[in-house]
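Peer 1: One structure, as structure tokens, below. Some questions next.
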Amino acid sequence: MKHKVLEFSLLILLVGLLVVSCQNNDNDTPNIENQKELLELVNPNDTIVVSNHPGVSVYKTNEDYVNYVWVVVLSDGQLSSIPAYSLADTTGRLKTAENGNIISNVRWKLENGYIVSLEIDLEASFTNITIDEYVKYNIQQGVTCWPNPLIKSRIVDSNPFTEFYHMGCNDCKLKQFTLGQITEMINDGTLEDHFDKIK
């Protein structure tokens, strides 16, 4: 008897849930927004893994340069580390964003404003050239990089870093972290347990 009462109660509960979930009214719209908010909290970048072989840097800059080209200006004024970006790149350094712009696939912006990068130099100077603009110019001109004078005229910050941390080597023990773990390190103050503070 108790078993039948329990089965009947469960059946009533399931039918009630089904009726409530199938109702179509104006109150359903906020549920879509709630789902979007939940999806935004789960950042797919958090699962990307980076390692100290050969190296990874975590930094903050004066402005948001995450999608901008950087170079190194040598003491004699010549440029170094000029990127050779093209759509033919097979190294995975570039990707196309949802809006159609070409962006870096080795530089990620964390929720707390820090950037994680597999390609950056402490001596970097940032330009106001977006990676998208750079690649499209290269395609139009049939080149792999811009002329030095053109790049130099677009440098906007030769001292961009407010903080800079690095972890890297070729012959040390492998360390791997997800971007989510790096975010946690920053938030709980343990980043320097794993990364060397350079600035």
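The values are calculated or read from the model by the stated rules, or taken from the named source; none is laboratory data. Note that the structure is a prediction, hence the values are computed from the model and not measured. Cβ placement follows ideal geometry from the backbone for every residue including glycine, while neighbour counts extend to all protein chains displayed.
Peer 1: Check THR130 against each of (1) closer than 14 Å to TYR68 by Cβ; (2) crowded, with 19+ Cβ neighbours inside 10 Å; (3) within 20 Å of the chain's Cα centre (by Cα); (4) of a type in the set (Val, Ile, Thr) and name the one condition it does not meet.
Peer 2: Failing condition for THR130: (2).
Peer 1: Can you name the residue in the range 109-139 that is among the charged types (D, E, K, R) and free of Cβ contacts under 8 Å to residues at least 40 places away in the same chain and is also farthest from HIS194 (Cα to Cα) among such residues?
Peer 2: For the range 109-139, the residue satisfying everything is LYS136.
Peer 1: Follow-up. If ASN112 meets every condition in (1) surrounded by fewer than 12 Cβ atoms within 10 Å (Cβ to Cβ); (2) more than 21 Å from ILE48 (Cα to Cα) apart from one, which number is that one?
Peer 2: Going through (1) surrounded by fewer than 12 Cβ atoms within 10 Å (Cβ to Cβ); (2) more than 21 Å from ILE48 (Cα to Cα) one by one, ASN112 breaks only (2).
Peer 1: For the range 140-190, which positions are outside any loop (DSSP other than H, G, I, E, B), loosely packed, with under 12 Cβ neighbours inside 10 Å and either among the charged types (D, E, K, R) or touching a residue at least 12 places away in the same chain (Cβ under 8 Å) (or both)?
Peer 2: Passing the criteria: THR162, GLN176, ASP188.
Peer 1: Taking VAL135 and the conditions (1) within 30 Å of ILE48 (Cα to Cα); (2) of a type in the set (A, V, I, L, M); (3) modelled with pLDDT of 95 or more, which numbered condition does it fall short on, given that it satisfies the others?
Peer 2: Result: VAL135 passes all but (3).
Peer 1: Also, I was wondering about something else. Go through the residues of the range 71-80 one by one and say whether even a single one is outside any strand (DSSP E or B), of a type outside the set (A, V, I, L, M, F, W, C), surrounded by 14 or more Cβ atoms within 10 Å (Cβ to Cβ) and more than 22 Å from the chain's Cα centre (by Cα).
Peer 2: no
Peer 1: Return the residue satisfying two criteria in turn: it lies in the range 92-121 and is of a type in the set (Ser, Thr, Tyr) and part of a strand (DSSP E or B), and of such residues it is nearest to VAL56 (Cα to Cα).
Peer 2: First, pick out the residues of the range 92-121 that are of a type in the set (Ser, Thr, Tyr): 96, 104, 114, 117.
Checking which are part of a strand (DSSP E or B) leaves us with 96, 104, 117.
Working: THR96: 22, SER104: 15, SER117: 6 Å.
Looking at the filtered set, the residue picked out is SER117.
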